[in-house]
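Read-outs: derived from the displayed coordinates by stated rules, not from any lab. Just so we're clear, the structure is a prediction, and the values are computed from it rather than from any experiment. Cβ placement follows ideal geometry from the backbone for every residue including glycine, while neighbour counts extend to all protein chains displayed.
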Amino acid sequence: MNVKTICLAILTQGETTGYDIRKRSTEGDYAYFMEASFGSIYPALSKLEEEGYVTSRTVAQEGKPSKRVYKITETGRTFFINSLYDELNDDVFRSEFLLFLRFVEDLPRSLVEKRVNERIAKCDDAIENVKKLEKEFTKPSERWVLNFGQHCMRSARQYLIENKHEILALAQQEDVPARAAE
């Protein structure tokens, strides 16, 4: 799947702007699937419009620049559903937190504990954010996806809590002075 797919997925739920697509794909209900930048969304929307999968109209705003509102066409909806038959890419998981922990032996225990506690708090926030989505998403498939996401986050949180002592034991006892950049 690509940025065009995420744009079409969001547009299946109604008309919206490129800005709102970006927001939903980075902070909203689609942030868990794929991140899309402004630099990739607008070219994708232009291509989708050129191919007849979306239409757009310009809406004037008082005191602000006009905005473009995009709408999926029936052809676009069919194209989107057909794209779901394509082979799926592997999930991509990258974590600065795991990079940090990979070098825990060189870090002070107090810093490691701080970062682990921060990650637990982030898991808590993510779980709460998904719970808020439960009010909006009532289709059985949407509920299943939300439950799967919550389960993954709860599992990560639980692992951190249950195994925190192991990673802390690997850290330096005393504060290690940071090395100056060379």
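Extension gain, Q172-R143: 0.36 nm per intervening residue step, less the Cα-Cα distance, totals 6.1 nm.
Per-residue ellipticity at 222 nm, computed for the chain from helices alone with -39500 (n - 2.57) per DSSP H run of at least four residues, works out to -18500 deg cm²/dmol. In summary, the chain shows an alpha-carbon radius of gyration equal to 1.35 times the 2.2 N^0.38 Å reference for compact globular proteins. One chain, two ends: K114 and V69. Fully extended at 0.36 nm per residue, the span grows by 11.8 nm beyond their Cα-Cα distance. Toward the positive end of the charge dipole of the chain, about the Cα centre and with charges on Cβ (Lys, Arg +1; Asp, Glu -1), which of I6, Y70, F80 goes farthest? It is Y70.
Across the cross-link table entries K122/K164; K67/K132; K4/K139; K132/K164; K114/K164; K47/K71, which are compared at the Cα atoms, the separations over 20 Å belong to K67/K132; K4/K139; K132/K164.
Structural descriptor for the chain: relative contact order 20 percent, calculated from alpha carbon pairs under 8 angstrom and at least 6 residues apart. Using only side-chain charges placed at the Cβ, +1 for Lys and Arg and -1 for Asp and Glu, the dipole size of segment 11-52 relative to its Cα centre rounds to 120 debye. Using R0 = 41 Å, the C-beta based FRET efficiency linking H151 and K23 works out to 0.95. Look at the alpha carbon pairs under 8 Å that are at least 6 residues apart: their mean separation over the length of segment 2-87 gives a relative contact order of 33 percent. Oblate is the label for segment 54-103. Its Cα gyration tensor axes, ordered a ≥ b ≥ c, give a/c of at least 1.5 and b/c at or above a/b. The magnitude of the dipole of the chain, with charges of +1 and -1 set on the Cβ of Lys/Arg and Asp/Glu and taken from the Cα centre, is near 580 debye.
The aspartates and glutamates within cross-link reach of K135, meaning a Cα-to-Cα straight distance under 19 Å and a gap of 8 or more places when in the same chain, are E27, D29, D124, D125. By the combined test of axial Cα extent (at least 30 Å) and Kyte-Doolittle hydropathy (mean at least -1.0), the qualifying DSSP H helices of the chain come to 109-133, 140-170.
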